[in-house]
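Here's the structure we're looking at; comments come further down.
The values are calculated or read from the model by the stated rules, or taken from the named source; none is laboratory data. Computed from a predicted model, the values in this text were never measured in an experiment. As a convention, Cβ positions derive from the backbone with ideal geometry for all residues, glycine included, and neighbour counts pool all protein chains shown. We work out accessible area using only protein heavy atoms, side chains counted, and drop any ligands, DNA or RNA first. Shrake-Rupley method; radii C 1.70, N 1.55, O 1.52, S 1.80 Å.
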Amino acid sequence: MKTIWLQRLMKWTTAFQKFMRGRYGRFDQLNKTLFVLVLICLVLTPWLPFQLGRILAVIGLILLYGRFFSKKIYPRSNENQAYIRRVAKVKGFFTKRKQTISDKRTYVFFACPHCQQKMRAPRGKGRIRVTCSNCHEHFEQKV
Ligand SMILES: [Zn+2]
């Protein structure tokens, strides 16, 4: 009795392994995000008109399964890499903004009058002589 159950499980596992051979089969960053979006859509369903939450959730699941079982491994991997790059870009933008805001207390920001290159100098140093790193223009700046 016990061995039949085990044999069936092994047979099923082997069949699944055979099915998954040459398929993407990864729960990567993009799929994780899709999964979270599907869950958010399902949670928001009661407040969205025209069953929009369910429709979006079904579309998300189709995309998720499509990517997971896709036989085109490299295009799926490239999609994921592009997604990771985009997320990093957005995160970088916000981190930079946050950094600039905190830097405004200790630095003065100004632009080169010749080429508009953005620069910064420590606050409270008085009048300083600046050489632009981009166009090598000399000018004086009060900081
Ligand atoms: Zn310049």
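Classify the chain as rounded, prolate or oblate, taking a ≥ b ≥ c as the square roots of the eigenvalues of its Cα gyration tensor: rounded when a/c is under 1.5, otherwise prolate if a/b is larger than b/c and oblate if not.
In terms of gyration-tensor shape, prolate.
The charge dipole of segment 1-106, taken about the Cα centre with unit charges on the Cβ atoms of Lys, Arg (+1) and Asp, Glu (-1), comes to about 380 debye, rounded to the nearest 20. Counting only protein heavy atoms and a 1.4 Å probe, the chain has 82 square angstrom of accessible area per residue.
Taking a ≥ b ≥ c as the square roots of the eigenvalues of the Cα gyration tensor, segment 23-100 is oblate, since a/c reaches 1.5 or more and a/b is not larger than b/c. When each full DSSP H helix of the chain is screened for a Cα extent of at least 18 Å along its own axis and an average Kyte-Doolittle hydropathy of at least 0.5, the helices passing are 29-44, 52-68.
Subtracting the Cα-Cα distance of residue 131 and residue 89 from their residue separation scaled by 0.36 nm leaves 12.1 nm. Counting only residues at least eight positions apart within a chain, or on another chain, the lysines with an alpha carbon under 20 Å from that of residue 98 are 89, 118. Counting protein heavy atoms only, segment 3-123 has 66 percent of its accessible area on carbon and sulfur, 1.4 angstrom probe.
For the chain, the 222 nm mean residue ellipticity estimated from helices alone, with every DSSP H stretch of n ≥ 4 adding -39500 (n - 2.57) and the total spread over all residues, rounds to -20000 deg cm²/dmol.
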